[in-house]
Each structure stands twice: as C-alpha cells, then as structure tokens.
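Every read-out reported here was derived from the displayed coordinates using simple, explicitly stated rules and does not represent laboratory data. What you see is a predicted model, and the numbers here were worked out from it, not measured in a lab. Ideal geometry is used to build each Cβ from the backbone, glycine not excepted, and the neighbour counts take in all protein chains shown.
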Amino acid sequence: MIFAHFRTEINESNQFVIACSQEKQALLIDAPVLDKRIPAFFEAHGLSLAGIFITHTHYDHVEGLADILQWRQAPVYAGKSSIAGILAEKKKQDDPLDLGCLKGRFIALPGHTACSLGLVIGERVFTGDALFAGSIGGTPDDITKQQEIQAVQQQIFTLPHHYQVHTGHGPSSTVWIEKTFNPFFV
C-alpha cells in the first residue's frame with residue numbers, strides 16, 4: 001500500500017492519497033485544493049488517479065475538485081450525486097471500493113452533514129469531519145449530534161482497535177485511542 005497525507009492551507013484540511021503498490025491505482029480522499037505536492041507524488045510513484053472520494057460537501061473538502069479534475073479525469077465518489085456542480089457516483093453504506101489489490105467499503109457517518117461518508121480500506125478508516133482525534137465534527141443540533149455519535153460507535157468503534165483513523169482536520173489516531181479517550185464517548 002502507498003499512502004500519503006497532505007495538510008492544506010484551506011482551513012488546514014487533510015487530504016490523503018492511498019494506492020495499490022502493485023497496480024499503482026490511487027484514490028484521492030477529499031479535494032480542498034490541488035496541492036502542488038500531489039502531482040509530484042503521483043509522478044514520483046508512477047500512480048494513476050482511479051478516483052476521488054469526497055467525505056462530505058463542505059467547501060474545505062471540495063473547493064479544489066474542479067482543478068483536480070482538470071489535472072486528471074477520474075470518477076468522483078460521494079454521499080450525493082452532485083458535488084459543487086460536478087456529477088458524482090453516489091455511494092452508501094457498505095458499497096465496495098476496489099482499488100487494484102486493495103479492497104474497501106464505504107460507511108455512512110451522518111451528523112456533521114446528512115451525506116457524510118467514511119471509507120474503510122486496509123487497516124485504515126477515513127472519517128472526514130465525523131470523528132477527529134479527541135473530538136467529533138460540529139452538528140447543527142442535538143439530534144444530529146446523537147446521530148453522529150451513534151454512527152461513529154457503530155461504524156468505527158466496531159473495527160479492530162489497531163486501525164488507523166485519518167480525519168478531515170488535525171492529527172490521525174487509532175480506533176482504540178478514540179474509543180478509550182475521546183471525551184464524546186467516555
């Protein structure tokens with residue numbers, strides 16, 4: 001597996017690349033900006049862009065989508081069929097993702113937004129803004145906050161403890177650390 005993390009200047013959003021090391025197919029996770037380090041990373045590793053996964057539709061996760069698609073055309077996967085006016089392949093709970101030799105599945109993480117999705121691939125889970133290291137994403141009211149907490153408990157905290165948690169902002173963590181120490185769950 002090939003993996004890279006890029007922290008961007010757009011609201012300090014995280015952007016990730018995960019790729020099959022055998023077939024060199026890569027997935028870009030979130031699109032706050034076309035960071036100049038990304039084309040260089042693709043070139044250095046001989047990667048092709050197999051898809052772009054958008055965890056949710058807030059501007060700091062989609063603002064660079066059009067620029068990325070001008071750089072490389074690829075299918076867009078999201079919890080909605082349109083992202084910033086761009087057609088996307090709508091994904092839902094347990095839809096599979098094949099990325100060369102890597103197999104993953106999408107998970108529903110509503111609360112921060114109604115269409116928030118995560119992705120479990122290998123021993124990594126990408127949570128967007130549903131779960132942060134030591135926190136959760138903001139919600140408009142208590143009902144959606146409880147929905148988000150329940151989704152995290154059901155979809156993420158049931159994964160093996162050693163799985164790495166990669167968030168939309170801030171540092172990465174593990175399932176065990178968040179399940180054990182995150183104040184929203186203890």
* How about the range 1-76: which GluC sites (Glu not before Pro) there are in a DSSP loop, with at most 15 other Cβ atoms within 10 Å of their Cβ? -> E9, E12, E23
* Please work out whether the range 75-186 counts as rounded, prolate or oblate from its C-alpha gyration tensor, where a ≥ b ≥ c are the square roots of the eigenvalues and a/c under 1.5 means rounded, while otherwise a/b larger than b/c means prolate and anything else oblate? => oblate
* **Average Cα contact separation per residue, the chain, under 8 Å, 6 or more apart, as relative contact order %** => 16 percent
* K92: which aspartates and glutamates have alpha carbons under 18 Å from its alpha carbon, excluding same-chain residues fewer than 8 sequence positions away? -> D30, D129, E148
* Once phi is turned into ³J(HN,Hα) by the Karplus curve 6.51 cos²θ - 1.76 cosθ + 1.60 with θ = phi - 60°, what whole-Hz value does each residue of the range 78-91 show in order, with x for glycine and proline? -> 7, x, 10, 8, 9, 10, 6, x, 10, 5, 10, 8, 5, 10
* Asked: Along the range 3-11, what does the Karplus equation 6.51 cos²θ - 1.76 cosθ + 1.60 (θ = phi - 60°) give for ³J(HN,Hα), rounded to whole Hz, x for Gly and Pro?
  -> 9, 9, 10, 10, 8, 9, 7, 7, 6
* Would you calculate the separation in nanometres between label points at Q153 and A74, each defined as 7 Å from the Cα along the Cα-to-beta-carbon direction? => 3.5 nm
* To do: Taking trypsin sites (Lys or Arg not before Pro) as candidate sites, keep only those in a DSSP loop with at most 13 other Cβ atoms within 10 Å, then name the longest stretch of the chain containing none of them.
  => 93-186
* To do: Could you work out how far apart the two model spin labels at D67 and Q146 are, taking each label as a point 7 Å from the Cα in the direction of the beta carbon, and quote it in nm?
  => 4.2 nm
* Asked: Past the 25 Å Cα-Cα mark, which pairs from K91/K145; K90/K179; K36/K179; K24/K91; K24/K103; K80/K179?
  -> K90/K179; K36/K179; K80/K179
* Structure fact -> Percent antiparallel among DSSP beta bridges confined to the range 2-181, nearest 5, equals 70 percent
* Asked: For F3 and K36, what is the calculated FRET efficiency with R₀ set at 30 Å and r taken between the beta-carbons, to the nearest 0.05?
  -> 0.95
